[in-house]
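Inspection log for the structure reproduced underneath, given as structure tokens.
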Amino acid sequence: MRYSFKGNTVLVTGAGSGIGAATAQLLAANGLNVVVSDLHAEAVARVVSEIRSKGGKASAHTGDVSRPEDAEAAVSQAIEHFGSLHFAFNNAGISGALKPCGELSPEDWQRVIAINLSGVQYGLRFQIPAILKSGGGAIVNMSSILGLVGIGAAPAYTAAKHGVTGLTRAAALTYSSQGIRINSIHPGYVNTPILDVLSEAERAAMVGLHPIGRIGHPEEIAHATVFLLSEGASFITGSAMVVDGGYTAA
């Protein structure tokens with residue numbers, strides 16, 4: 001399905017691969033100017049090239065979401081290149097070390113929180129004023145099924161994603177009346193580079209956690225994200241959209 005975004009501009013973080021890349025490409029296909037932001041310059045360049053090869057408009061930004069100055073620079077680039085900012089998808093994240101609370105180092109904890117939670121807040125801090133100045137729009141924050149349930153081996157990731165869920169609701173309560181809808185999206189396990197470390201046995205076990213009988217595809221999360229940003233979701237704000245193949249239904 002195609003939506004009309006009237007040539008507005010969107011910023012996508014973590015857009016160099018996986019869900020971020022798929023969403024950036026789908027947003028461009030729906031007529032948006034896309035600021036493709038990621039920590040890895042080569043990945044950014046590849047996604048920008050793919051968008052432009054299909055007639056879309058994109059600008060490359062290399063930055064680290066855990067640095068407030070980089071979050072501000074990404075918004076500034078959107079305005080400098082395209083004149084305004086109306087939408088954002090705060091997608092960047094890492095899985096981090098898989099260790100229980102009693103074994104997780106402070107450094108591992110801080111790294112996950114810095115990227116997965118603080119990175120979203122830094123994005124909101126600079127995106128919201130720009131979107132207000134442009135007359136309103138929408139933001140989607142990447143959470144996870146682990147923003148709703150927990151896994152003992154991933155305490156930092158679970159805490160960060162629960163934090164994103166709460167942060168999204170708090171922001172939505174403040175800004176929805178000012179013309180910015182803000183929602184979180186909660187994928188199940190998706191076939192992205194973050195799962196490349198899994199063995200075949202581990203991947204098979206992961207499939208078994210989803211009643212639908214498989215893990216997700218990046219494009220499936222992209223379609224849900226584009227819907228949340230679109231006018232088709234004009235009465236949806238402060239919500240936690242679950243796209244998990246039934247994982248959390250059990």
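Derivation of every value follows stated rules applied to the coordinates shown; laboratory data play no part. All figures in this text were calculated on a predicted structure; none of them were measured in a lab. As a convention, Cβ positions derive from the backbone with ideal geometry for all residues, glycine included, and neighbour counts pool all protein chains shown.
Tabulated results
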quantity: Fluctuation leader among ASN30, ASN116, ASN90 - the chain, Gaussian network, Cα springs under 10 angstrom; calculated: ASN30
quantity: Dipole magnitude of the range 9-249, debye to nearest 20 (Cβ charges: Lys/Arg +1, Asp/Glu -1, about Cα centre); calculated: 520 debye
quantity: Gaussian network model of the chain, Cα within-10 Å springs - most flexible of LEU198, LEU26, LEU39; calculated: LEU198
quantity: Packing-based ranking, highest mean first, of 157-166, 233-242, 72-81 given that Cβ atoms within 10 Å are counted; calculated: 157-166, 72-81, 233-242
quantity: Lysine pair count for the chain [Cα-Cα under 21 Å; pairs on different chains or 8 or more apart]; calculated: 4
quantity: The chain - mean residue ellipticity at 222 nm from DSSP helices (-39,500 (n - 2.57) per run, n ≥ 4, rounded to 500); calculated: -13000 deg cm²/dmol
quantity: Estimated distance in nm for a label pair at HIS81 and LEU173, the labels positioned 7 Å out from Cα along Cα-to-Cβ; calculated: 3.5 nm
quantity: Amide H partners (placed H, <5 Å) of VAL243, local residues excluded; calculated: HIS186, GLY188
quantity: Calculated from backbone phi, Karplus (6.51, -1.76, 1.60) coupling profile of the range 210-224 in Hz, x at Gly/Pro; calculated: 10, x, 6, x, 6, 8, x, 10, x, 5, 5, 6, 4, 4, 5
quantity: Shape of the range 100-250, Cα gyration tensor, a/c cut at 1.5; calculated: oblate
quantity: Degrees separating the helix 119-133 axis from the principal Cα axis of the chain, which is the longest one; calculated: 20 degrees
quantity: Calculated Rg and Dmax of the range 1-87 using C-alpha coordinates, Å; calculated: 11.7, 36
quantity: Residue (of TYR175, ALA205, VAL47) at the positive-pole extreme of the range 9-249, dipole from beta-carbon charges; calculated: TYR175
